[in-house]
Amino acid sequence: MHELTIAAEIADLVTENAMKEGVLLVTAVHIEVGAFSGVDVDSLAFALELSVKDTIMEKAVIQITRVSGEAECRACGTVFALEDLFMASCPGCGSTGFHLLSGRQLRLLSVEISS
Ligand SMILES: [Zn+2]
């Protein structure tokens, strides 16, 4: 389950930087997961719960937002939200030729602290 690896990396990144800054407590962390990132939100949430044990993130509210992908139609240039790579067609012209603009990202959006 690669969510465990990702969760450990996020926990390390946040705690290392927080400690460098003299932060005593991380109160909230907001993570954005693209629909095509290959990351399962529930698994990641569970893995994070394990990864933050005994760290300054232990009590943090972890918010994970799953965002749909965004695609651009090759035929007419319409940009549209994409939930499924293999079931999509352009809402503008019905073409199934498009390229992915976003949806693969896994991003740490914000970290809230209390010092
Ligand atoms: Zn189109």
For the stretch 48-115, radius of gyration divided by Kirkwood radius, i.e. Rg to Rh on alpha-carbons
1.24
Rounded to the nearest 10 degrees, the helix 2-20 long axis (Cα) sits at an angle to the longest Cα principal axis of the chain of 50 degrees
With the charge dipole of the stretch 1-97 built from beta-carbon charges (+1 for Lys and Arg, -1 for Asp and Glu) about the Cα centre, the Cα from P91, A11, V52 projecting farthest to the positive end belongs to P91
Per-residue Cβ contact counts at 10 Å, fewest first, order H30, H99, H2 as H99, H2, H30
Two-decimal Rg/Rh of the stretch 1-101 from alpha-carbon positions, Kirkwood Rh?
1.16
Per-residue ellipticity at 222 nm attributable to helices in the chain (runs of n ≥ 4 DSSP H, -39500 (n - 2.57) apiece, nearest 500 deg cm²/dmol) works out to -8500 deg cm²/dmol
Nearest 5 percent is fine: what portion of the DSSP beta bridges confined to the stretch 22-115 is antiparallel?
70 percent
Non-local amide H neighbours of E70 (under 5 Å, H modeled in plane, Pro and chain starts lacking H): which ones?
L82, L101, S102, G103
Angle in degrees between helix 41-51 and the longest Cα principal axis of the chain, rounded to the nearest 10:
20 degrees
Residue-count net charge about Q63 - beta-carbon cut-off 15 Å; Lys, Arg +1, Asp, Glu -1
-1
Got the relative contact order for the chain handy, in percent, Cα pairs under 8 Å and 6 or more residues apart?
37 percent
What is the magnitude of the charge dipole of the chain about its Cα centre, with +1 placed on the Cβ of each Lys and Arg, -1 on the Cβ of each Asp and Glu, and no other charges, expressed in debye to the nearest 20?
280 debye
Taking the alpha-carbon centroid of each part, what is the distance from the stretch 90-115 to the stretch 25-48 in angstrom?
14 Å
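Bear in mind that the values in this text are calculations on the coordinates, not laboratory data. Because the structure is a prediction, the values reported are computed rather than measured. Note: ideal-geometry Cβ built from the backbone for every residue, glycine included; neighbour counts use all protein chains shown.
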